[in-house]
Amino acid sequence: MSEQKYDVIVIGTGPGGEGAAMTVAKTGKSIAVLEQYPQVGGGCTHWGTIPSKALRHATSRLGEFNRHPLYRSIGKPAQFSYPELVRTAESVISQQVSMRHDFYDRNQAQLIHGRAHFLDSHTVELRAADGRPKLRLSADAFVIATGSRPYRPEDLDFTHPRIFDSDTILGMPSTPRSITIYGAGVIGCEYASIFRSLGCKVDLVNTRSQLLAFLDDEIIHALNYHLRDQGVMIRHNEVYECVEYHADSVTLQLKSGKKIKSDAILWANGRTGNASDMGLEALGITPNGRGHLRVNANYQTELPHIYAVGDVIGYPSLASAAYDQGRFAGTHLVEGRCDQHLVEYIPTGIYTSPEISSLGRTEKELTEACIPYEVGHSWFKNLARAQITGKTVGMLKILFHRETLELLGIHCFGNQASEIIHIGQAIMSQKGEANNLLYFVNTTFNYPTMAEAYRVAALNGLNRVR
Ligand SMILES: Cc1cc2nc3c(=O)[nH]c(=O)nc-3n(C[C@H](O)[C@H](O)[C@H](O)COP(=O)(O)OP(=O)(O)OC[C@H]3O[C@@H](n4cnc5c(N)ncnc54)[C@H](O)[C@@H]3O)c2cc1C
């Protein structure tokens, strides 16, 4: 078998691989990008971020339309099946794929399809889906950006037509009347919102005592309240025992003795890094129990010429961060140094209903650290823009130092929360005195806007310290 030689090989075309590949390709080095899936874009484009957000947009638009008195006055509520709504994601996916494909072509990064397996620390074999070797390639350096997959417990039959994970849920062939979601992390909560807005009966089973415990308490309570208010049945502190399979339903049995019968189960409890079956162990690169690779601050594994980025290295497991990690690893690989690092506070965007976004420290963290902070609130129901759009559920909360007025945390829920957060991020990421609550009071905002929430929250907070 002939062997092709490159300066750099990137494995995976999700955001992590793309960030690394583009950075390296622009320096003129010869580069091959290996991808086992027939199209570029990674899990992010094909079964994670993009389809779930497109589906969420379609279901929430439908719900909005059906609830709006003006649109309802012209006829019956619109009805679309789950597969029809999933199909709306296809056009977004194909736009993303063609745009990203173009990036590789334009930058002369050679894209080769197949599954990469290391033969030695400088050589990979590319294998077809049936395991047949297709090609052998070697390089001076590698970036592993192979992503992650849903964790599947061994005793659960994922070939059963009523059992899904977050990858296979997109292929569910009809709208379930009821669904049980096991795992109330970000993905579980997002899908609970999606299915509820489709009118399904939703049971959300949480293995912990509260939803999304990393968020600020006030936001956690709001999410709990609004999901329950919409009709989602949330069950905390539950542990899976087994599943009973019936012809027309499935029953999730919990260790507490509860049994939840539904049309389908979505298993959304944990993810595993894609680092196994790649020949890495033989090189001395051993994934941990969650399938994650260990890297240093420069994204180098145990072998310094083999880098790893994105979900395969674990936290924060976000598309946004994966792309940046890829760029930083690519820069270090080419230049031998990289002065850029992930920002200290990575914003969280959670596309539940209501949407959630947060940045920086929570009230609990500040209290534990004995930092004298104060709180400024703005409720969306009092903002003209929210009253016009009818999206009045929501709140922006700013946490700031009561003496210096430095922004310490921003927490938001409601329509467009994940966009709104970035206004505060721009100020909070300033150095020294420029990170100051007074910015929001001393500037003039467009009116009516959701951005105005910052002025309202800042004034509310200042009233508490003056
Ligand atoms: C349902 C869901 C919703 C999400 N929503 C968000 C969100 O709203 N915002 C956000 O920031 N993040 C979100 N994420 C997370 C985000 O999708 C991931 O963090 C991101 O995709 C990680 O990028 P990556 O490049 O590491 O891996 P991936 O995007 O998974 O890409 C990895 C690629 O490597 C390929 N590959 C794997 N092994 C091999 C091999 N041996 N040889 C060749 N190719 C290989 C795979 O086929 C894949 O194309 C979501 C995830 C899920 C599951």
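The values are calculated or read from the model by the stated rules, or taken from the named source; none is laboratory data. The structure presented is a predicted model; accordingly, all values stated were derived computationally and were not measured. No Cβ is skipped: glycine too gets one built from the backbone with ideal geometry, and neighbour counts run over all protein chains shown. With ligands, DNA and RNA removed, areas are computed over all heavy atoms of the protein, side chains included. Shrake-Rupley method; radii C 1.70, N 1.55, O 1.52, S 1.80 Å.
Odds and ends about this structure:
- For segment 113-123, the Karplus equation 6.51 cos²θ - 1.76 cosθ + 1.60, evaluated at θ = phi - 60°, returns couplings of 8, x, 9, 7, 9, 6, 9, 8, 6, 10, 10 Hz by residue, with Gly and Pro reported as x.
- Subset of Lys76/Lys381; Lys261/Lys364; Lys26/Lys134; Lys258/Lys364; Lys201/Lys381 violating a 31 Å alpha-carbon distance limit: Lys261/Lys364; Lys258/Lys364
- Sorting the segments 455-464, 137-146 by their residues' average number of neighbouring beta-carbon atoms within 10 angstrom, most packed first, yields 137-146, 455-464.
- For the pair segment 250-303 / segment 404-453, the C-alpha centres are spaced 36 Å from each other.
- Segment 1-119 - charge dipole about Cα centre, Lys and Arg +1 at Cβ, Asp and Glu -1, debye rounded to 20: 500
- Dipole of segment 227-360, positive end: most advanced residue of Leu318, Ala297, Gly336 [Cβ charges, Cα centre]: Leu318
- Charge dipole (segment 92-245, unit charges on Cβ, about Cα centre) - positive-most of Tyr191, Leu135, Tyr240: Leu135
- Relative contact order for the chain: 15 percent, from Cα pairs under 8 Å spaced at least 6 residues apart, divided by residue count.
- Distance between the pseudo-spin-label points of Asp248 and Gln210 (7 Å out from Cα toward the beta carbon): 4.2 nm.
- Peptide ranges 441-448, 355-362 listed from the most packed, as the mean C-beta count within 10 angstrom indicates: 355-362, 441-448
- Using the average count of surrounding beta-carbon atoms within 10 Å as a protection proxy, the listed peptides 180-190, 312-322, 66-76, 117-127 rank, highest first, as 180-190, 312-322, 117-127, 66-76.
- Basic side chains Lys and Arg get +1 at the Cβ, acidic Asp and Glu get -1 at the Cβ, and with that the dipole of the chain about its Cα centre reaches some 1260 debye.
- One decimal place: the segment Ser121-Lys26 gains 31.7 nm when fully extended, by the rule 0.36 nm per residue minus the C-alpha distance.
- Three-way shape call for segment 11-87 based on the alpha-carbon gyration tensor, with the a/c threshold at 1.5: prolate
- Here the sum of -39500 (n - 2.57) over DSSP H runs of 4 or more residues, divided by the residues of the chain, equals -10000 deg cm²/dmol at 222 nm, to the nearest 500.
- Rounded to the nearest 10 Å², the accessible area of Trp47 at probe 1.4 Å: 70
- DSSP-assigned coil residues among trypsin sites (Lys or Arg not before Pro) in segment 167-237, each with at most 15 further Cβ atoms within 10 Å: Arg177, Arg208
- Shape class for the chain, computed from the alpha carbon gyration tensor (a ≥ b ≥ c): oblate, with a/c not under 1.5 and a/b at or below b/c.
- Estimated FRET transfer efficiency when R0 is 45 angstrom, pair Leu70-Ile371 (beta carbons, to 0.05): 0.40
- Rounded, prolate or oblate (a/c below 1.5 giving rounded, otherwise prolate when a/b exceeds b/c) for segment 226-267 by Cα gyration tensor: oblate
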